[in-house]
1. Apply the Karplus curve 6.51 cos²θ - 1.76 cosθ + 1.60, θ = phi - 60°, to the phi angles in the range 35-46 and return the couplings in whole Hz, x for Gly and Pro.
2. Which residues in the range 51-87 have a backbone N closer than 11 Å to a point placed 7 Å from the Cα of N33 along the Cα-to-Cβ line?
3. Using only the Cα atoms of the range 6-120, build the gyration tensor, take square roots of its eigenvalues as a ≥ b ≥ c, and label the shape rounded, prolate or oblate: rounded if a/c is under 1.5, else prolate if a/b is larger than b/c, else oblate.
4. Amide H of I50: which non-local residues (sequence gap of 5 or more, or other chain) have their own amide H closer than 5 Å, using H built in the peptide plane?
5. Can you give me the distance in nm between label points at K90 and R119, each placed 7 Å from the Cα along the Cα-to-Cβ direction?
6. Return a whole-number percent for the relative contact order of the range 6-120, with Cα pairs under 8 Å and 6 or more residues apart as the contact set.
Amino acid sequence: MALTNERWLKWAVARYYRSLGYKVSMKPARAGNAMVDGIAIRHVGERIAIEVKSPRDDIVRGIGQCHEALAAGYSRPVLVTTLRVASKLKKRVFQRTGMKLVGVDAKARIHGYVADGWRLLSQTATFFRFLERRPGLLDLELVCAGSSSSLMINH
């Protein structure tokens, strides 16, 4: 039986949000009547509450803390757990509210749940950081498989 350390989950999600340009503090922060495990701030009005739950923690309590963060004025709460635990949760709660569900796999890669399933998020952040460091390097067209939409990136 593998045990997941909550500190490792906090490290993985903080690394991900820092790669997106957020200032991250993984110190407990007040969110209304509850405490969340960390916050990520990018712009003046954008504050993300981060609640981390290991597989042995109470997930329902974490969902309640995320709802409290929404009521307290955070722009988006994020519930972070292992990918194995997150894939077993009913996604209806996260689809109807402004909450985001994030799963961390064994290689510390971040997966986010979107309406049509799980998406690997950490490689996308790495790709866009690569392009930001190399302006004018290339013009690239990304075409989603099975979709008619495309995205042009011109530097």
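Just so you know, all these numbers are worked out from the coordinates, no wet-lab data involved. Predicted model only: the values in this text are computed from it and were never measured. All Cβ positions, even for glycine, are placed from backbone atoms using ideal geometry, and neighbour counts span all protein chains on display.
1. My calculation for the range 35-46 gives 10, 10, 6, x, 9, 10, 10, 10, 10, 4, x, 9 Hz in order.
2. Taking a point 7 Å out along Cα→Cβ of N33, the residues of the range 51-87 whose backbone N falls under 11 Å are 68.
3. Rounded is the answer for the range 6-120, as its axis ratio a/c remains below 1.5.
4. D37, G38, I39, A40, V78
5. Label at K90, label at R119, 2.5 nm between them.
6. It comes to 20 percent, rounded to a whole number.
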